[in-house]
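What follows is a set of notes on a single structure, which appears directly below.
The values are calculated or read from the model by the stated rules, or taken from the named source; none is laboratory data. The structure displayed is predicted, hence computed values, not measured ones. Cβ atoms come from the backbone with ideal geometry, glycine included; neighbour counts cover every protein chain shown.
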Amino acid sequence: MTEGLPALLETLEDVAVAKRLLLATDYDGVLARFAADPMRAVAEPGTIDTLRALADLPGLHVAVISGRDLKTLRRLTGIDEDEPIVLIGSHGAESSDAAVRSAMEHAAVTPDDEVTLTELRSDIEALVKEHHPEAGIEYKAAAVVVHTRGLPREVSDAALADARRLALEHPGVKVLKGKSVLELSVSHADKGSAVTALGRSVDAVARIYFGDDVTDEDAFTRLRRPQDVTVKVGAGSTAARFRLDDEATVARVLTKLWQLCSAAHVPS
Ligand SMILES: O=P(O)(O)OC[C@H]1O[C@H](O[C@H]2O[C@H](CO)[C@@H](O)[C@H](O)[C@H]2O)[C@H](O)[C@@H](O)[C@@H]1O
């Protein structure tokens, strides 16, 4: 049973005083509303600056963790390499943080995976061209994604089912069902392992995580300490403790978190 906004705000008041706090947030469907064109999914106004302000506070560690690949995540967030915000892409397989990279080495893409990915890309391209020309294709460092946002239900279902069948022809390929997308990935990373690795490396006393999708459930299930705060955005079953309605509410909660933390985390 998840709790709503009032209970979340009350809990954040307690957690904001923690000496070392990790705030990790997903991108699509949490910081940014969905868009038909994946490259046009922009963060809610002011949200990235709120993350910057949080990351400037002593004892606060901030990360954006996404299924996007690292390069795209950097471009969409506009967060530069020299900023103190950690970016984790490809569900944990890529990161700007050395500790996360080292913890996720087992999930790194191998030369054999690259070969599989090349074959997958060309098979997906042929499938879309011949049978599902309305569907879109997104190319990522470790995956290829079939997009069907905005298409009629039966058109979308048929394209995603065919893409799933095609994945079965490529042993070792992981299939991730997202929102109007099917991702075929050669990486075996997961957001739960990446976020716990980052938490360990900064010795976080409390970890806060915002997510909206199936892949965020790996993080929700791994962050189970009493002082951890897990927040699901939108509908659907979840292992998170709290739930928020939408991206605009996330933006407001992040601002509130900054107010609470800036009152508690005064430089000594
Ligand atoms: O881990 P996330 O940051 O939540 O990324 C998950 C996937 O997000 C993107 O797809 C979703 O957003 C698109 C843009 O709004 C939308 O068109 C699509 O329907 C959504 O599923 C992204 O394109 C995927 O690669 C990510 O894995």
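At least 1 residues that are at pLDDT 95 or above, assigned by TED's automatic domain parsing to the domain that holds PRO38 and away from the ligand (no atom under 16 Å from the Cβ) in each: list the strands (runs of 3 or more DSSP E) lying fully within region 161-268 that qualify. Give the steps one after another, and end with the answer.
Details: elements: 174-177, 181-185, 206-211, 229-233, 242-244.
Passing ranges, in order: 206-211, 229-233, 242-244.
For region 145-160, the set of residues classified as more than 28 Å from THR230 (Cβ to Cβ), within 11 Å of the ligand (Cβ to nearest atom) and either acidic (Asp, Glu) or in a loop (DSSP other than H, G, I, E, B) (or both) consists of THR148, GLY150, LEU151, listed by residue number.
For region 72-83, does any single residue satisfy the condition of being touching a residue at least 60 places away in the same chain (Cβ under 8 Å), closer than 21 Å to GLU183 by Cβ, in the same structural domain as VAL214 (by TED's automatic domain parsing) and touching a helix residue (DSSP H, G or I) at 6+ places or on another chain (Cβ under 8 Å)? Talk me through it step by step, then tell me what you get.
From region 72-83, those touching a residue at least 60 places away in the same chain (Cβ under 8 Å) are 72; that's our starting set.
Cutting the leftovers down to closer than 21 Å to GLU183 by Cβ gives us 72.
Add one more test, that the residue is in the same structural domain as VAL214 (by TED's automatic domain parsing), and what stays is 72.
So of that shortlist, the ones also touching a helix residue (DSSP H, G or I) at 6+ places or on another chain (Cβ under 8 Å) come out as 72.
Yes: region 72-83 contains one or more residues that are touching a residue at least 60 places away in the same chain (Cβ under 8 Å), closer than 21 Å to GLU183 by Cβ, in the same structural domain as VAL214 (by TED's automatic domain parsing) and touching a helix residue (DSSP H, G or I) at 6+ places or on another chain (Cβ under 8 Å).
Being farther than 28 Å from ALA263 by Cβ, surrounded by fewer than 17 Cβ atoms within 10 Å (Cβ to Cβ) and under 18 Å from the mean Cα position of the chain (by Cα): is that true of ARG68 here? Full working, then the answer.
Values: farther than 28 Å from ALA263 by Cβ: yes; surrounded by fewer than 17 Cβ atoms within 10 Å (Cβ to Cβ): no; under 18 Å from the mean Cα position of the chain (by Cα): yes.
No: the conditions fail for ARG68.
Which ones in region 116-151 are in contact with a strand residue (DSSP E or B) (Cβ under 9 Å, 6 or more places away or on another chain), surrounded by fewer than 16 Cβ atoms within 10 Å (Cβ to Cβ) and touching a residue at least 24 places away in the same chain (Cβ under 8 Å)? Of everything in region 116-151, just one residue is in contact with a strand residue (DSSP E or B) (Cβ under 9 Å, 6 or more places away or on another chain), surrounded by fewer than 16 Cβ atoms within 10 Å (Cβ to Cβ) and touching a residue at least 24 places away in the same chain (Cβ under 8 Å), namely ARG149.
The test for being within 16 Å of the ligand (Cβ to nearest atom), crowded, with 21+ Cβ neighbours inside 10 Å and more than 17 Å from LYS179 (Cβ to Cβ) does not hold for ALA16.
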